[in-house]
1. Sticking with the crude label model, points 7 Å out along Cα→Cβ, report the distance from residue 127 to residue 33 in nm, one decimal please.
2. If you take the beta carbon distance between residue 92 and residue 161 as r and set R0 to 25 Å, what does 1/(1 + (r/R0)^6) give as a FRET efficiency, to the nearest 0.05?
3. If each residue of separation counts as 0.36 nm, what is the full-extension length gain between residue 77 and residue 51 once their alpha-carbon separation is subtracted?
4. Would you order 34, 61 from fewest to most other beta-carbon atoms within 10 Å of each residue's own beta-carbon?
5. Just to be sure I understand the curve: with the Debye formula and one point per C-alpha of segment 28-161, what is log10 I(q)/I(0) at q = 0.17 Å⁻¹?
6. Run the simple label-point estimate for residue 103 and residue 138 please: 7 Å along Cα→C-beta, distance reported in nm.
């Protein structure tokens, strides 16, 4: 055994000084791009839910779509707030999902398509959350994830119990 002990190349006491990227977290630029991608998608979802809710007066889908519209608008506001906190410019675009969803014929089919869009958001959030170091942003995105999961289940239940209502 030798008494020659090597000094660690990166002392643990300096770990707090490491960059987010070095520690496996998303960079500011990656977070800004992600939040803008979600913002565009949420804007599209807001439009789809609002227009679809207007077409569902008198059906059991109406309350669901009004709630989804409200949630989508709430998440747009949160994303704008978080982009501002990052000091990053917010996209002004609406995602292409709105046009695709509104082209879907039949109310039940459109709601199923909207649910797939909600599922895309859930997948994206689950991928990004482990990379978010900021506690407030992590909390907001976790709340957004739970909200989308609840809306997916509510829509799936409404579709299961529907009798093929067309819109």
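Every number in this text was worked out from the coordinates using simple rules, so none of it is lab data. Everything quoted here is computed from the prediction, not taken from an experiment. Glycine also receives a Cβ, built like all others from the backbone with ideal geometry; neighbour counts cover every protein chain displayed.
1. For the pair residue 127/residue 33, the computed spacing is 1.1 nm.
2. So, using R0 = 25 Å, E works out to roughly 0.05.
3. 7.4 nm
4. 34, 61
5. After summing over all Cα pairs, the log10 values are -0.84.
6. Placing both labels 7 Å along Cα→Cβ, they lie 4.1 nm apart.
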